[in-house]
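Written out below as structure tokens is the structure these notes cover.
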Amino acid sequence: MKRYQVAVRRASALALVAALALALALVPVLALAHNVSAADRAALAVSHGAQPFIYAYLGAKHMVTGYDHLLFLLGVIFFLYRLRDVVTYVTLFAVGHSITLLGGVLGGVQVNPFLIDAIIGFSVVYKAFENIGGFRALFGATFNPRAAVFIFGLCHGLGLATKLQTLRLDRDGLLPNLIAFNVGVEIGQVLALVVMVALINAWRRSPSFERRALLTNSVIMSCGFVLIGWQIAGYIQGEGS
């Protein structure tokens, strides 16, 4: 047992070092945060009243292109072998981000977009580190994974809310538009999950899955570090300007 714990600690340390090294290499790839495109902003600027199809499309597009959300979901489902568990965790995430997405915009909750996106980056690091057994190796136990997914879902939803708050949304039809946007996010999430679950299930049938799971989660962790660093740099630059 002691030998196993030592091995896990060593693997965790190596994964963390590899993640930091890979993060430097991945900076050019993930440096630009996904935002609402100029074309989408222009479309929203001329739309008035309830426009559920436009907002549903934007919600789905944002989720499918939102690599921070997708990286977190990939970490969540990486070691979930039963469909029931996938549904449970994804539902917790969906409920969490729906609460803060709707409540954040309707309630006018203002948060710094760089800091909330940095927290979202941390959620990616957290989940990948948990997947490689880092918390168990360091503390001898893991935190409640379901509670963590729900809490980080709240953070991801607040991140989505800040994106919408940068737009001049028409107050007429705001509620149905927000609901449509959230429905679009869920549609995009399901579409992305179908692809990810299918690919992971196919990969699990290969002997390379167990061998490369540590490396894969190290790469996921690296991406999270890049997101954190880039957002913190943006926050510092914004404070200094």
- Query: Within the set of pairs 6 or more residues apart or between chains, which connect a residue that is over 19 Å from Phe181 (Cα atoms) and touching a residue at least 12 places away in the same chain (Cβ under 8 Å) inside the stretch 61-84 to a residue that is among the acidic types (Asp, Glu) and assigned to a helix (DSSP H, G or I) with Cβ atoms less than 9 Å apart?
  - Reply: Gly75/Glu130; Ile77/Asp85
- Residue satisfying all of: in the stretch 95-118; surrounded by fewer than 20 Cβ atoms within 10 Å (Cβ to Cβ) and aliphatic (A, V, I, L, M); farthest from the chain's Cα centre (by Cα) among these: Leu106
- Query: Out of (1) closer than 15 Å to Thr100 by Cα; (2) at pLDDT below 95, the odd one out for Ile132 is which?
  - Reply: (1)
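Take Ala147 and decide whether it is surrounded by fewer than 23 Cβ atoms within 10 Å (Cβ to Cβ) and assigned to a helix (DSSP H, G or I). Give the steps one after another, and end with the answer.
Values: surrounded by fewer than 23 Cβ atoms within 10 Å (Cβ to Cβ): yes; assigned to a helix (DSSP H, G or I): yes.
It is true that Ala147 is surrounded by fewer than 23 Cβ atoms within 10 Å (Cβ to Cβ) and assigned to a helix (DSSP H, G or I).
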- Query: Of the residues in the stretch 150-180, how many are touching a residue at least 60 places away in the same chain (Cβ under 8 Å) and not in a helix (DSSP H, G or I)?
  - Reply: 7
- Note on the structure: Residue hits (the stretch 60-89; small (Gly, Ala, Ser) and assigned to a helix (DSSP H, G or I)) are Ala60, Gly75
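Determine, yes or no, whether Phe135 is assigned to a loop (DSSP other than H, G, I, E, B) and over 17 Å from Gly157 (Cβ atoms). Before the answer, list the steps.
Working: assigned to a loop (DSSP other than H, G, I, E, B): no; over 17 Å from Gly157 (Cβ atoms): yes.
Judged against the criteria, Phe135 is not a match.
Does any residue of the stretch 181-189 turn out to be without any contact (Cβ under 8 Å) to a residue 40 or more places away in the chain, surrounded by fewer than 17 Cβ atoms within 10 Å (Cβ to Cβ) and either assigned to a helix (DSSP H, G or I) or within 19 Å of the chain's Cα centre (by Cα) (or both)?
Of the stretch 181-189, the ones without any contact (Cβ under 8 Å) to a residue 40 or more places away in the chain are none.
No, every residue in the stretch 181-189 fails to be without any contact (Cβ under 8 Å) to a residue 40 or more places away in the chain, surrounded by fewer than 17 Cβ atoms within 10 Å (Cβ to Cβ) and either assigned to a helix (DSSP H, G or I) or within 19 Å of the chain's Cα centre (by Cα) (or both).
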- Task: Just need a number here: residues in the stretch 43-77 that are buried (at least 16 other Cβ atoms within 10 Å of the Cβ), over 14 Å from the mean Cα position of the chain (by Cα) and of a type in the set (Phe, Trp, Tyr).
- Result: 2
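Taking the stretch 73-98 only, how many residues are closer than 16 Å to Lys163 by Cβ and not hydroxyl-bearing (Ser, Thr, Tyr)? So that I can check it myself, show each step before the final result.
Of the stretch 73-98, the ones closer than 16 Å to Lys163 by Cβ are 97-98.
Cutting the leftovers down to not hydroxyl-bearing (Ser, Thr, Tyr) gives us 97.
Residues meeting the conditions: 1.
The values are calculated or read from the model by the stated rules, or taken from the named source; none is laboratory data. All values derive from a computational prediction rather than experimental measurement. Note that we place each Cβ from the backbone using ideal geometry, even for glycine, and neighbour counts take in every protein chain shown.
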